[in-house]
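Undergrad: Below you'll find the structure I mean.
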Ligand SMILES: NC(=O)c1ccc[n+]([C@@H]2O[C@H](COP(=O)([O-])OP(=O)(O)OC[C@H]3O[C@@H](n4cnc5c(N)ncnc54)[C@H](O)[C@@H]3O)[C@@H](O)[C@H]2O)c1
């Protein structure tokens, strides 16, 4: 019999890529989403064409539609929970909404699973923001980027947690609940603390999804603000690699259950904003024009994920390097620019 997965938040950027992957692997996929994120209807339309309508879609909200949530969760072998309020800036503007979706919504998912006899596996997408601004790690400023002062292979899971911003707190609180429900109630859960993810179907905005946003804003000639000096570094991970890890995490649940993993592109796929601009200009003739603004509070100068734990336990490593990934997302963005324009 086909294995069944419920992808909560499955009409969003990561969700639509994950849905496509699981459908292609022969899973029976149900997407549950309230379609609050702009572009989600376009993603669903695309998936209907691409996957010949071979999935179910349920429009529901994880905060308010508890009956539907329960009915859908119990039909499945696995739940991939991606639904969230995703931007730090919006969490500062409306912390209550952020709390409700990210913490209460996740708690609802956990409570449904806890009360089931046959409990599906739960994967939860957390964030590197749970480590705060990492001021304890000394950083040096170079010409085009920040760098760690002492040689290190990125930030590992044993780094001090320091939830910063309402978003950091709500995601951090939620991931700790997810992990603890594994410890206390025996759920099979995996938490992935994701770095910056980029790829096809990403409708990046100034507040979230920066690689996509700089491309889209430049192509649409929108004003671009650069917060800080542009030397901030992130290890970017192409969405196909992340989705591959979701599959591994489920297939190897005996090894992954109860764990929290840092997941990113790693040192080899780290890039600063200025370096991205330079690549876009040199390799693609795309010049990003911007206005400088002051640094945003809590913005990490450098975040690079140390992937050693996840690689050791699952064998997973990112396969798509940053040049391939940037080519791919730019190609997708250029091809779909008139569709994207209707959203901005
Ligand atoms: N994209 C990244 O770089 C990144 C990095 C770290 C962590 N994450 C996490 O990964 C997950 C997915 O992120 P994404 O980039 O795909 O974002 P996204 O905004 O594209 O997807 C989130 C989806 O959740 C849905 N949603 C929001 N509130 C809901 C609710 N109350 N009920 C039902 N559905 C709801 C939205 O409509 C959207 O489709 C999030 O949990 C996010 O915190 C993303």
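The values are calculated or read from the model by the stated rules, or taken from the named source; none is laboratory data. Owing to the predicted nature of the structure, the values given are computational and were not obtained by experimental measurement. Please note: Cβ atoms are built from the backbone with ideal geometry, for glycine as well, and neighbour counts cover all protein chains shown.
Undergrad: For the condition part of a helix (DSSP H, G or I) and within 12 Å of the ligand (Cβ to nearest atom), what is the one hit in 10, 15?
TA: 15
Undergrad: Also: Is it the case that residue 278 is part of a loop (DSSP other than H, G, I, E, B) and within 19 Å of residue 215 (Cβ to Cβ)?
TA: no
Undergrad: Let me ask another. Please verify whether the range 161-170 includes one or more residues that are away from the ligand (no atom under 16 Å from the Cβ) and part of a helix (DSSP H, G or I).
TA: Among the residues of the range 161-170, not one is away from the ligand (no atom under 16 Å from the Cβ) and part of a helix (DSSP H, G or I), which makes the answer no.
Undergrad: Is it true that residue 96 is more than 8 Å from the ligand (Cβ to nearest atom) and either modelled with pLDDT of 95 or more or within 18 Å of the chain's Cα centre (by Cα) (or both)?
TA: Taking the combined requirement at face value, the residue satisfies it.
Undergrad: Could you run through the range 118-136 and say how many residues are out of contact with any helix residue (DSSP H, G or I) (no Cβ under 9 Å at 6 or more places or on another chain) and either free of Cβ contacts under 8 Å to residues at least 60 places away in the same chain or assigned to a strand (DSSP E or B) (or both)?
TA: Residues flagged as out of contact with any helix residue (DSSP H, G or I) (no Cβ under 9 Å at 6 or more places or on another chain) and either free of Cβ contacts under 8 Å to residues at least 60 places away in the same chain or assigned to a strand (DSSP E or B) (or both) within the range 118-136 amount to 3.
Undergrad: Tell me whether the range 19-37 contains one or more residues that are at positive phi and more than 19 Å from the chain's Cα centre (by Cα).
TA: Among the residues of the range 19-37, at least one is at positive phi and more than 19 Å from the chain's Cα centre (by Cα), which makes the answer yes.
Undergrad: Which residues, counting only those in the range 1-19, are under 22 Å from residue 237 (Cα atoms) and free of Cβ contacts under 8 Å to residues at least 40 places away in the same chain?
TA: Within the range 1-19, just 19 meets the criteria.
Undergrad: If we scan the range 32-46, do we find a residue that is outside any helix (DSSP H, G or I), at pLDDT 95 or above and surrounded by 24 or more Cβ atoms within 10 Å (Cβ to Cβ)?
TA: yes
Undergrad: Look through the range 41-84, keep the residues that are farther than 26 Å from residue 178 by Cα and within 21 Å of the chain's Cα centre (by Cα), and return whichever of them is nearest to the ligand (Cβ to nearest atom).
TA: If we take residues in the range 41-84 being farther than 26 Å from residue 178 by Cα and within 21 Å of the chain's Cα centre (by Cα), then 43 is nearest to the ligand (Cβ to nearest atom).
Undergrad: Another question, if that's okay. If the requirement is being surrounded by fewer than 21 Cβ atoms within 10 Å (Cβ to Cβ) and under 30 Å from residue 73 (Cβ atoms), which of these qualifies: 136, 151, 160, 115?
TA: Sole residue among the options that is surrounded by fewer than 21 Cβ atoms within 10 Å (Cβ to Cβ) and under 30 Å from residue 73 (Cβ atoms): 115.
Undergrad: So for the range 177-185 (the condition being out of contact with any helix residue (DSSP H, G or I) (no Cβ under 9 Å at 6 or more places or on another chain), within 16 Å of the ligand (Cβ to nearest atom), assigned to a helix (DSSP H, G or I) and closer than 28 Å to residue 11 by Cβ), does at least one residue qualify?
TA: Yes, some residue in the range 177-185 is out of contact with any helix residue (DSSP H, G or I) (no Cβ under 9 Å at 6 or more places or on another chain), within 16 Å of the ligand (Cβ to nearest atom), assigned to a helix (DSSP H, G or I) and closer than 28 Å to residue 11 by Cβ.
For (1) modelled with pLDDT of 95 or more; (2) part of a helix (DSSP H, G or I); (3) surrounded by 13 or more Cβ atoms within 10 Å (Cβ to Cβ), each residue gets a yes or a no:
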{"site": "262", "(1), (2), (3)": "yes, no, yes"}
{"site": "271", "(1), (2), (3)": "yes, no, yes"}
{"site": "274", "(1), (2), (3)": "yes, yes, yes"}
{"site": "295", "(1), (2), (3)": "no, no, no"}
{"site": "300", "(1), (2), (3)": "no, no, yes"}
{"site": "329", "(1), (2), (3)": "yes, yes, yes"}
